[in-house]
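*Asks:* Before we start, here is the structure in question, set down as structure tokens.
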Amino acid sequence: MELKPASTPVLQPFRWWQAFSRSLLHLRLRGPDGVPQTWSVDIRHGGDADGEVYAHLYRDGLHMARLKPPAAFPMPGGAIRIAVSTYGLRQADYVTHDGAVRQLEPDASSAEGLRAHLDRTRPGLSRLIGVTSALVLLGSLALGVPQLLQSFTEIPPVAESIGTFVSPFILPAWANTSLLLAGVAASTERALRLRYNWLLDGGLFSGGD
């Protein structure tokens with residue numbers, strides 16, 4: 001864990017214009033002396049001043065450490081785990097030494113926090129949005145993968161070796177562009193809820209591994 005002072009040693013408040021460029025989450029624990037502590041993880045998705053993306057750890061607003069995600073910060077009683085994708089957060093939780101997992105609480109002003117607020121106050125609408133995102137990504141996979149496979153097998157060396165696959169779907173450019181934009185929106189929505197699935201979020205529009 002890197003313990004060098006950060007360029008911003010004090011945690012900066014979340015600003016509205018950082019909604020899709022920054023993630024800020026909190027974990028409230030009691031220290032060894034029983035005094036409440038607030039641990040915060042701050043991630044600038046566009047990178048720090050050096051262009052590298054780091055997860056910064058703060059305790060009660062003071063900078064403690066930074067790591068490149070995927071990261072695991074040792075903590076009292078466990079560790080905070082952080083992972084990111086192209087569209088935001090993939091994982092942000094606290095795992096105790098006995099294996100219990102607790103998701104970090106997004107800052108109320110952040111995009112993740114606003115999405116969590118919608119889930120609490122409008123659970124029906126939240127579920128509908130979540131299901132729609134999953135269906136969009138499934139549709140993107142079903143329509144996009146065959147077209148990509150056809151394009152790949154049309155490369156002369158590949159075609160000579162294994163033949164050419166003919167996609168059952170050939171969409172016009174505007175439709176594929178719309179599919180791409182819808183997939184990006186769906187992937188972003190799922191990242192705001194820290195949802196990850198190897199098929200959906202490891203597909204055409206994911207930044208996951």
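*Asks:* As an exercise, identify the GluC sites (Glu not before Pro) in the range 50-158 lying in DSSP coil whose Cβ has no more than 14 other Cβ atoms within 10 Å. Could you put the intermediate results ahead of the total?
*Replies:* Details: sites: GLU52, GLU112, GLU154; in loops: GLU52, GLU154.
The qualifying sites are GLU52, GLU154.
*Asks:* Also: Given a 1.4 Å probe and every protein chain left where it sits, what share in percent of the accessible area of the range 151-196 is carbon and sulfur? All intermediate terms of the calculation are to be shown ahead of the outcome.
*Replies:* Working: 2000 of 2890 Å².
Within the range 151-196, the accessible surface is 69 percent carbon and sulfur.
*Asks:* Mean shadow of the range 99-209, computed from the convex hull of its alpha carbons, in nm²?
*Replies:* Across all orientations, the range 99-209 yields a mean hull projection of 10.0 nm².
*Asks:* Sticking with this one: Would you mind computing Rg(Cα) / (2.2 N^0.38 Å) for the chain, counting N as its residues?
*Replies:* Cα Rg divided by the expected 2.2 N^0.38 Å: 1.23.
*Asks:* Moving to a separate point now. Check which residues have an amide H placed less than 5 Å from ARG90's amide H, if you skip close sequence neighbours.
*Replies:* The answer is ALA83, VAL84, SER85.
*Asks:* So what J values fall out for the range 42-59 if you push phi through Karplus, 6.51 cos²θ - 1.76 cosθ + 1.60 with θ = phi - 60°, rounded to Hz, Gly and Pro as x?
*Replies:* My calculation for the range 42-59 gives 10, 10, 9, 5, x, x, 7, 4, 8, x, 8, 8, 10, 9, 9, 9, 10, 10 Hz in order.
*Asks:* Just to be sure I understand the model, the point goes 7 Å from the Cα along the line to the Cβ. What's the resulting LEU180 to ILE162 distance in nm?
*Replies:* That separation, rounded to one decimal, is 2.4 nm.
*Asks:* Tell me the angle of helix 111-121 to the major Cα principal axis of the chain, expressed in degrees between 0 and 90 and rounded to the nearest ten.
*Replies:* 90 degrees
*Asks:* Ranked highest first by average number of other Cβ atoms within 10 Å, how do 166-173, 133-140 line up?
*Replies:* The densest-packed peptide leads the list: 133-140, 166-173.
*Asks:* Could I ask something else about it? Measure nothing fancy, just the Cα-based angle from helix 123-153's long axis to the longest principal axis of the chain, in degrees from 0 to 90, nearest 10.
*Replies:* With rounding to tens, the tilt is 50 degrees.
*Asks:* If you build the convex hull over the alpha carbons only and average its shadow over all orientations, what do you get for the range 19-139? Give it in nm² to one decimal.
*Replies:* 9.1 nm²
*Asks:* Let me ask something additional. Quickly estimate the mean residue ellipticity at 222 nm for the chain, helices only: each DSSP H run with n ≥ 4 gives -39500 (n - 2.57), and the total goes over all residues, rounded to 500.
*Replies:* Working: 4 runs with 69 residues, N = 209.
For the chain, the value works out to -11000 deg cm²/dmol.
*Asks:* Here is a follow-up. Can you give me the accessible area per residue for the range 97-209, using a 1.4 Å probe, in Å²?
*Replies:* Heavy-atom accessible area per residue stands at 60 Å².
*Asks:* Using each residue's phi in the range 82-93, evaluate 6.51 cos²θ - 1.76 cosθ + 1.60 at θ = phi - 60° and report the 3J(HN,Hα) Karplus result to the nearest Hz, with x for Gly and Pro.
*Replies:* Couplings: 10, 9, 10, 10, 4, 9, x, 7, 10, 7, 7, 9 Hz.
*Asks:* Still on this structure, I have one more. State the percentage of accessible surface on the range 1-147 attributable to carbon and sulfur atoms; use a 1.4 Å probe and exclude ligands, DNA and RNA.
*Replies:* For the range 1-147, the apolar C and S fraction of the accessible surface comes to 59 percent.
*Asks:* Report the convex hull volume per residue for the range 155-201, counting only C-alpha atoms, in Å³.
*Replies:* Working: hull volume 5.5 nm³, N = 47.
Cα convex hull per residue, to the nearest whole number: 117 Å³.
*Asks:* Where nothing but the Cβ of Lys and Arg (+1) and of Asp and Glu (-1) is charged, how large is the charge dipole of the chain around its Cα centre, in debye to the nearest 20?
*Replies:* 620 debye
*Asks:* Can you give the FRET efficiency to the nearest 0.05 for VAL145 and HIS97, using r as the Cβ-Cβ distance and R₀ = 35 Å?
*Replies:* E(calc), rounded to 0.05, equals 0.25.
*Asks:* Continuing with the same structure: Give me the percent relative contact order of the range 15-150, please, defined on Cα pairs under 8 angstrom at least 6 residues apart.
*Replies:* 17 percent
The values are calculated or read from the model by the stated rules, or taken from the named source; none is laboratory data. Worth saying up front: this structure is predicted, and the values here are computed from it rather than measured. Virtual Cβ from ideal backbone geometry, glycine too; neighbours counted across all protein chains shown. Please note that ligands, DNA and RNA were not included when accessible areas were found on the heavy atoms of the full protein model with its side chains. Shrake-Rupley method; radii C 1.70, N 1.55, O 1.52, S 1.80 Å.
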